[in-house]
Amino acid sequence: LETKRYFSVRFVYLLGPPGAPVEHTAAKLEQRYGYSSINFSALLRSYAKSGEKESKAVQQAFVKGRPVEASIACPLLLAEIYRDMALGVQSFVLVDFPQSLAQAQFLEFRVPSTTTPLLLDFSRVDAEELSVSAEGDALETEKATQAFYGTDMQAMLAAMPSLVRVPCRLPAMWPASKGAAVPDPKQCLAEWTSTEACARMMPSIAVVLGPPGSGTNTLASVLASLTPNTQAVDCRQLMDRELDRQTESGMAMRNMLARGQVVPLSMTLELLKDITNLTCSESLVLENCPMYVDQVEHIEEQFRIDRVFYISGTSSAIQTWKDKFVAGGGEAQDFDE
């Protein structure tokens, strides 16, 4: 887990036409799943006003509604990414990136990573309506909208096999009851879209259950090895390591235990989300969690439970597991025979 932490980076490319609530969606992904959000368009606009050597080329690209050259734009983005990586950040949501395949290739060549393009998929008609309320120069916005639905951008999207589309339609986002006042249409749009995007980016888990010593650890490791970007986690060991390392979470748990309190499930869930970010995993295989049926509902608020495996055995097998568990001093070891 520690080794994977230093060699894994995860990018979510968040795209949408001008006026789409990409910034709000990025903020929700950051808040819920711990991504670091970088607004690529804002970065370029800031550079265009800087008076630097290539700033005029960026200004001209905006005026013409064309992507900025990768050799100019991507070093600016890389500087932001490297700064955050130095602080331990492994997962990023890049707003309005890429504008071209060349930009994506430039970044991915220099930063080995897993990528998930996420598209807020509005129809052209809805995009025209969105562009009316978009901030910035009206002519630039019009050209940017044309470019977004142009041949080059659509070809780029078609070339992304892992593209995740979030179907968006303006009428579906307003209150349905007739005569109901719309308090803030833009806020309504932003909340609906970000909720849908978060649901599609929710990490998944598989749960492995069984008596102590029945082979849950072995099965969890095998399942994780069969699925890309998947990490096996023993939740009991995870909590023990936090206590041993005396992390902030570990000290909080120690204080609770010293007062005779139960460590809440919410702390375990936060640690699991940290693991998905540190290892750039899209899914986890869990042991020793959940421990009680009423915990399932709370887990499903943060993770999508895809599968549950239960290891059962004959009465003689269960007795063997029990005997070896007791002989091992109560340590839940796996026994293959």
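The values are calculated or read from the model by the stated rules, or taken from the named source; none is laboratory data. Keep in mind that what you see is a predicted model, and the values were worked out from it rather than measured. Neighbour counts are summed over all protein chains in view; Cβ atoms, including those assigned to glycine, are modelled from backbone coordinates with ideal geometry. Heads up: the accessible areas ignore ligands, DNA and RNA and are worked out on the full protein's heavy atoms, side chains in. Shrake-Rupley method; radii C 1.70, N 1.55, O 1.52, S 1.80 Å.
For a 4.7 Å threshold on C-beta separation, the list of partnerless cysteines in the chain reads Cys74, Cys168, Cys188, Cys198, Cys280.
Between the beta carbons of Met267 and Lys56, assuming R0 = 51 Å, the FRET efficiency works out to 0.45 to the nearest 0.05. Given a 1.4 Å probe and the protein chains all in place, what does the accessible area of Trp192 round to, in Å² to the nearest 10? Accessible area of Trp192: about 80 Å².
The mean of 1/r over all pairs of different alpha-carbon atoms in the range 1-151, once inverted, gives a Kirkwood hydrodynamic radius of 16.1 Å. Given their separation in residues at 0.36 nm each and the Cα-Cα distance between them, Trp192 and Arg304 gain 38.4 nm when the chain is fully extended.
A Stokes-Einstein calculation at 4 °C with viscosity 1.567 mPa s, built on the Kirkwood radius of the chain over Cα pairs, returns a diffusion coefficient of 57 µm²/s. Each distinct pair of alpha carbons in the range 216-337 adds a 1/r term; the inverse of their mean, the Kirkwood radius, is 16.1 Å. Residues Glu270, Glu23 ordered from highest to lowest accessible area at a 1.4 Å probe: Glu23, Glu270.
Each helix, a run of at least 4 DSSP H residues, gives -39500 (n - 2.57); summed and divided by the residues of the chain, these come to -15500 deg cm²/dmol at 222 nm. Shown for the chain: lysine pairs separated by 8 or more places, or found on different chains, whose C-alpha atoms are under 20 Å apart, numbering 10. Taking only protein heavy atoms and a 1.4 Å probe, the accessible area of the range 180-298 is 55% carbon and sulfur.
In this simple spin-label approximation, Gln105 and Thr320 carry label points 7 Å from Cα along the Cα→Cβ vector, and these lie 5.7 nm apart. Given their separation in residues at 0.36 nm each and the Cα-Cα distance between them, Arg32 and Gln154 gain 41.0 nm when the chain is fully extended. For the chain, the solvent-accessible area works out to 54 Å² per residue, with a probe of 1.4 Å and every protein chain left in place.
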